[in-house]
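As structure tokens, the structure follows; a few thoughts come after it.
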Amino acid sequence: MQILRYLIRSEFFILLLFAMASCKSMGPRTIPQDGFNYNDRIAQHQQEQMLLNIVRLRYGEAPLFMNVNSMINQYSRQGNAGIGANLLPGSSTQNGNISGTWSDRPTITYTPMAGAAYSKSLLTPLPPAAVFFLVQSGWSVNQALRGTTNAINGHANSAASPRWRHESSLEYDTLLAAIQRIQHANSLGLKVEIRENIHFIDLYFPENPVDAGIRDNIATIKRLLQLRQELNSFPITYGLIQESDEEIIVQTRSVLEILKDLSYHIDVPKEHLDQGLTESTFIPKVGSGFQIKSSETKPDHAIVAINTRDYWFYIDDRDITSKSTFTFLQILMSLNEGDQSVVSPLISIGN
């Protein structure tokens with residue numbers, strides 16, 4: 001009988017240990033895996049949403065953006081243990097049980113972009129400061145300006161929309177090539193200031209560049225933009241008409257204009273063109289090189305792909321230029337959603 005009681009106590013303690021282990025906090029252990037999984041899935045959601053809306057615009061549909069506002073993931077784990085025995089003379093029956101429950105209850109809140117947020121993020125022209133922030137951050141001048149501007153001091157960029165379709169002017173192409181060469185030589189300076197919650201940005205050129213090529217490119221820029229040759233600092237503002245030879249006027253596009261323009265870079269199925277579902281594709285002779293492909297079957301090499309209208313539309317993972325432009329679009333979208341008043345003044349001048 002004494003041995004039986006010992007065995008019962010041993011089994012009880014074993015069951016109790018199992019129950020205690022099941023109640024141990026698991027929050028810290030879930031952070032690495034959950035953080036990675038949610039980060040990866042939200043990034044994929046944003047990419048697919050951006051691509052879907054570009055395709056929608058190509059087919060004359062209204063875009064819709066759904067923002068992930070919050071994520072709450074609740075875990076619970078509970079364990080129970082019990083043991084019983086009949087110790088009456090002539091009987092040695094005993095029984096025990098252990099049970100546990102596990103639950104994972106993620107709650108994700110989505111909000112459709114509408115009203116003031118829609119107007120600010122999609123319909124308002126990008127502030128020139130936002131565009132040149134990206135140039136200062138290392139993005140290619142050709143990619144940043146060609147994708148976001150309609151004109152600079154009257155020199156027109158290309159437009160893909162059928163109603164306004166045209167190639168970029170020779171002056172515009174020459175201008176961007178000269179600016180890009182100066183950028184590659186680390187001789188492009190930008191100064192950003194905030195006064196009364198308004199961003200002011202100036203473009204700086206080195207006063208006495210050592211390299212003759214840099215001097216020639218600076219002279220070309222000033223000539224094309226009809227800027228005063230003896231000055232080396234010029235304010236950049238949004239507008240249509242240059243009123244002075246001391247300023248650079250940039251007519252920027254809204255995010256919706258950018259997406260609409262790029263939608264005509266989609267290689268749509270021929271049958272959709274024949275059926276009048278969309279208008280013809282237009283890829284400028286001098287442009288960013290961005291392309292969205294289509295396929296009847298799911299593509300094998302796609303960084304992002306969506307299935308709509310019985311076709312797969314995707315960006316090839318091996319197309320570095322298109323991937324880079326697509327990333328640039330997502331950054332632009334984030335910049336336009338955020339509060340730019342928090343950006344600190346900066347100045348960077350190289351030679």
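The values are calculated or read from the model by the stated rules, or taken from the named source; none is laboratory data. For clarity, every value in this text was computed on a predicted model and none was experimentally measured. When we count neighbours, we look across all protein chains shown, and the Cβ atoms used for this are built from the backbone with ideal geometry, even at glycine.
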Being in the same structural domain as S322 (by TED's automatic domain parsing), touching a Phe, Trp or Tyr at 6+ places or on another chain (Cβ under 7 Å) and over 16 Å from L227 (Cβ atoms) is true for just one of A156, A185. Which residue is that? A156
Condition (residue is at pLDDT 60 or above, exposed (fewer than 12 other Cβ atoms within 10 Å of the Cβ) and within 22 Å of I331 (Cβ to Cβ)) applied to segment 47-55: is it met by at least one residue? no
Could you figure out which of (1) over 23 Å from V135 (Cα atoms); (2) surrounded by fewer than 18 Cβ atoms within 10 Å (Cβ to Cβ); (3) under 27 Å from the mean Cα position of the chain (by Cα) isn't true of T278? (2)
Would you be able to tell me the number of residues in segment 153-167 that are in contact (Cβ under 8 Å) with a residue 60 or more places away in the chain and within 27 Å of G276 (Cα to Cα)? 7
Output the residues belonging to segment 281-309 that are part of a strand (DSSP E or B) and touching a residue at least 60 places away in the same chain (Cβ under 8 Å). I292, I303, V304, A305, I306, T308
Kindly provide the set of residues from segment 251-275 that are surrounded by fewer than 20 Cβ atoms within 10 Å (Cβ to Cβ) and either over 23 Å from the mean Cα position of the chain (by Cα) or aliphatic (A, V, I, L, M) (or both), ordered by number. L256, P269, K270, E271, H272, L273, D274, Q275
Kindly list, by first and then second residue, each pair from a residue in segment 176-193 that is on the phi > 0 side of the Ramachandran plot and surrounded by fewer than 19 Cβ atoms within 10 Å (Cβ to Cβ) to a residue that is of a type in the set (G, A, S) and at pLDDT below 90, limited to pairs with Cβ atoms under 8 Å and residues at least 6 apart or on different chains. N186/G350
